[in-house]
Amino acid sequence: MSTVSPYHHFSAADWGELRAHTPLQLSEQDLERLRGINVELSLDEVAEVFLPLSRLLNLYVNASQELYRASDTFLGKLPAKVPFVIGIAGSVAVGKSTAARVLQAVLDRWPDHPTVDLVTTDGFLLPNAVLDARGLMERKGFPESYDRRALIEFLSKVKSGVPEVTAPVYSHLVYDIVEDEQVLVRQPDILIVEGLNVLQTGVGGGDVDQFVSDFFDFSIYVDAETEHIRRWYVERFFTLRRTAFADPQSFFHRFASLSDAEAEETATGIWRAINEVNLVENILPTRSRADLIITKGADHRVTDVRLRRL
């Protein structure tokens with residue numbers, strides 16, 4: 001007995017046909033600034049994957065705005081500006097941060113929604129001092145390592161149309177929250193929220209009875225085989241060993257002097273003990289909740305796209 005998939009399935013080429021003449025307005029210089037560490041991404045792939053997605057989201061944004069206007073008309077209120085919120089989830093090293101930046105760039109060029117902001121949930125990680133006191137430093141990135149209440153409060157204000165909302169800033173160099181620094185969000189047309197566990201629903205407690213994904217108008221999961229992601233993580237570790245880790249201020253400066261063999265062993269150990277566990281236990285189970293799943297092959301190129309049936 002066959003089962004009906006909840007998703008429309010497209011090859012990357014078939015998905016690209018849905019671009020429908022949407023123009024590519026990014027240059028190679030733009031793309032160079034948007035690429036992540038060790039993430040191969042060409043303008044051709046941007047046109048094939050992200051332009052159709054931007055076209056779809058443009059239609060969704062316009063429909064959402066019409067719905068809000070209808071509600072305000074019914075209630076006898078002046079139309080309020082409520083941002084369209086997009087969530088992007090996926091494993092460490094899968095390329096979701098690059099996907100978020102590229103999506104922001106292509107959406108920003110649509111005339112109907114000129115302001116597109118991007119916030120990462122890294123800023124809502126608990127400070128290292130708190131994690132250390134709770135014995136959670138080795139669980140950084142797991143659901144319990146976030147100030148979930150603060151993140152939900154932030155999104156609640158954004159979706160309520162509060163004129164200015166702030167979010168904390170996280171530094172990957174010092175591996176901690178940056179005190180006295182914030183991101184200011186001023187009623188953008190679209191807000192992209194990128195993070196490991198943004199689609200999760202199983203963590204709560206106390207009087208927090210909402211989930212981060214409750215505030216999303218559309219959600220994306222960036223997917224790949226676990227073994228591919230492991231290799232990408234190790235390759236990224238090698239690149240960082242030569243670059244960011246060499247900075248004496250880096251939290252991981254101690255890794256800069258590792259030999260190739262030591263670096264391979266260390267990166268693989270971190271992946272197996274922390275990131276793969278988080279992926280298998282917390283991140284991957286949320287994939288089926290996404291409105292769109294982007295699947296990558298071994299070379300980081302997108303092979304398939306699945307869009308949830310409406």
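Out of all the residues in the stretch 103-111, is one or more modelled with pLDDT of 95 or more, more than 15 Å from the chain's Cα centre (by Cα), part of a loop (DSSP other than H, G, I, E, B) and not β-branched (V, I, T)?
Taking every residue of the stretch 103-111 in turn, none turns out to be modelled with pLDDT of 95 or more, more than 15 Å from the chain's Cα centre (by Cα), part of a loop (DSSP other than H, G, I, E, B) and not β-branched (V, I, T).
Name, by its number, the condition in (1) farther than 19 Å from F215 by Cα; (2) surrounded by 13 or more Cβ atoms within 10 Å (Cβ to Cβ); (3) in contact with a helix residue (DSSP H, G or I) (Cβ under 7 Å, 6 or more places away or on another chain) that does not hold for P79.
Every listed condition holds for P79 apart from (2).
All but one of (1) surrounded by fewer than 15 Cβ atoms within 10 Å (Cβ to Cβ); (2) without any contact (Cβ under 8 Å) to a residue 12 or more places away in the chain hold for E225; which doesn't?
(2)
Could you list all residues from the stretch 1-60 that are in contact with a Ser or Thr (Cβ under 7 Å, 6 or more places away or on another chain), among the aliphatic types (A, V, I, L, M) and not in a loop (DSSP other than H, G, I, E, B)?
Residues satisfying the conditions are A12, L34, L51.
In the stretch 233-251, what residues are closer than 30 Å to Q200 by Cα and surrounded by 17 or more Cβ atoms within 10 Å (Cβ to Cβ)?
The answer is Y233, V234, R236, F237, L240.
Could you list, in sequence order, all residues of the stretch 257-269 that are surrounded by fewer than 17 Cβ atoms within 10 Å (Cβ to Cβ) and either hydrophobic (A, V, I, L, M, F, W, C) or farther than 21 Å from F142 by Cα (or both)?
The answer is S257, S259, D260, A261, E262, E264, E265.
Condition test on R230, is it in contact with a helix residue (DSSP H, G or I) (Cβ under 8 Å, 6 or more places away or on another chain), buried (at least 19 other Cβ atoms within 10 Å of the Cβ) and without any contact (Cβ under 8 Å) to a residue 40 or more places away in the chain?
So R230 fails the test.
Which residues, taken from the stretch 86-101, are surrounded by fewer than 24 Cβ atoms within 10 Å (Cβ to Cβ) and touching a Lys or Arg at 6+ places or on another chain (Cβ under 8 Å)?
T98
For the stretch 63-100, what are the residues that are assigned to a helix (DSSP H, G or I), in contact (Cβ under 8 Å) with a residue 60 or more places away in the chain and either in contact with a Cys (Cβ under 8 Å, 6 or more places away or on another chain) or among the aliphatic types (A, V, I, L, M) (or both)?
Selection gives A99, A100.
Applying the selection to the stretch 126-152, what residues are among the hydrophobic types (A, V, I, L, M, F, W, C), under 19 Å from the mean Cα position of the chain (by Cα) and surrounded by fewer than 17 Cβ atoms within 10 Å (Cβ to Cβ)?
If the condition is that a residue be among the hydrophobic types (A, V, I, L, M, F, W, C), under 19 Å from the mean Cα position of the chain (by Cα) and surrounded by fewer than 17 Cβ atoms within 10 Å (Cβ to Cβ), then A150 is the only one that fits.
Which condition does V61 not pass, out of (1) buried (at least 17 other Cβ atoms within 10 Å of the Cβ); (2) within 30 Å of F237 (Cβ to Cβ), if it passes all the others?
Only one criterion is unmet by V61, namely (2).
The values are calculated or read from the model by the stated rules, or taken from the named source; none is laboratory data. These numbers come from a predicted model, not from an experiment. Counting neighbours? That spans all protein chains shown, and the Cβs are built from the backbone with ideal geometry, glycine included.
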